[in-house]
Amino acid sequence: GAALAYHQGIPFIAALPFKDQDLKWTPQIRQKYQWLLSKAAKIVLVDRQVGYISSLVPPDVYNSQKMGERNRWIVDQLGPGDKLLAIRNRNARGRTHNCIMHAHSKLSSVRPTVVEINPDKFSEYKPKIVNAIMDDDVPF
């Protein structure tokens, strides 16, 4: 999502579950990740944000639950005029599913529009994703 936003000239916020989440990644992936972070309009370390600080694990320390908290933070930043684009297999359960369910559970006055995209058909959707980001109407 961030790379697509950057290449379309759309400012993006990098919501990181914790500092240095890329430490165990390969050098090649880390380089791409750091480059993309350098293009972000803003970087937010979610595990340092009020309401998202773990009582079990200190900030900046890996914990798999922090990925879900990052997703919850992203949804909580959205309002009724915003769109949440989620790429997932509809049968899959996990953090993306939980993120979508969190968005659907918000009160209708603050609920974003949720657009789900099947990853098996991503290439077919890519032009439509750009339109959905740029336009008021979701074209699919």
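Where a number appears in this text, it was derived from the coordinates with a stated rule and is not lab data. No experiment lies behind these values; they were computed from the predicted model shown. For neighbour counting, all protein chains shown are included, and Cβ atoms are generated from backbone atoms with ideal geometry for every residue, glycine included.
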What FRET efficiency comes out for the pair Val110/Ser64, r = Cβ-Cβ distance, R0 = 25 Å, nearest 0.05? 0.35
Can you list residues whose amide H is under 5 Å from Asp60's amide H, if they're 5+ apart or on another chain and H is modeled 1.01 Å from N? Lys19
Among chymotrypsin sites (Phe, Trp or Tyr not before Pro) in the stretch 28-89, those in a DSSP loop whose Cβ has at most 12 other Cβ atoms within 10 Å are none
Any chance you could check the Cα centroid distance between the stretch 10-32 and the stretch 41-98 for me, in angstrom? 14 Å
Label-to-label distance, nm, for residues given as Lys19 and Asp76 (7 Å Cα→Cβ offset): 2.1 nm
In nm, give the distance between the simple-model label positions of Leu56 and Lys39, each being 7 Å from the Cα along the Cα-to-Cβ direction. 3.5 nm
Count neighbours as other Cβ atoms within 10 Å of each site's Cβ, and list the trypsin sites (Lys or Arg not before Pro) in the stretch 1-52 that are DSSP loop with at most 10 such neighbours. Lys24
